[in-house]
Amino acid sequence: MYNKQVAIELQDSSTNNSAKTYDFFVSYNRADVEFAERLVKSIEKQEYEGRQLKCFFAPWDIEPGENILLKIENALLNSRFIGLIMSPEWLKSNWATMERVVTVHEDPAGIKGRIIPILRRNCAIPPTIRILNWLDFRTDSNFVREIKARFLLMERISFSLRLFQLMISKRKVKKNG
């Protein structure tokens, strides 16, 4: 029963992901803005399923005069993945807390796998994030390795979801045929 529920949620999230505006939302604190920008530039250089990846990065995507809260809320809902750049300053940030809790509220058990914790500097990781495996970016030497690992994982997930959808469609054809 549990596996069937997970499969249904994965199918639902994969269906929704095709209509997402952003591939990656970056939650960070100003203390980590240089790292966040470097991460975004690195991600947006990558191709995925024949197209360039697109990130939501507040300094680039919120125009003067726009409602900041509505823009962030919309971007969170319309991003395939949410990257949490964790540091002591991130933990103290009310904005980062809002971004984290909105995302965790949508998937408290972490089954959909949208949240990607990124440990930039040692800090007390919130309990709702501790259940997830995180990327280790505490040293710059890990940067390239972790980026490559993330894209390989995205490709495996995409392949698995397509295979799962193919199996479901064949099952429906057999039932109807």
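The values are calculated or read from the model by the stated rules, or taken from the named source; none is laboratory data. Bear in mind that the values here come from a model prediction, so they are computed numbers and not experimental data. We place every Cβ from the backbone using ideal geometry, glycine too, and count neighbours over all the protein chains shown.
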Among 43, 116, 125, which is surrounded by 14 or more Cβ atoms within 10 Å (Cβ to Cβ), within 11 Å of the chain's Cα centre (by Cα) and within 25 Å of residue 140 (Cα to Cα)?
116
For the range 80-95, pairs from a residue that is within 11 Å of residue 120 (Cβ to Cβ) to a residue that is at pLDDT 95 or above and of a type in the set (Val, Ile, Thr), with Cβ under 6 Å and 6 or more apart or across chains, are 83/26
When only residues in the range 22-58 that are β-branched (Val, Ile, Thr) and in contact with a Phe, Trp or Tyr (Cβ under 8 Å, 6 or more places away or on another chain) count, which is modelled with the highest pLDDT?
26
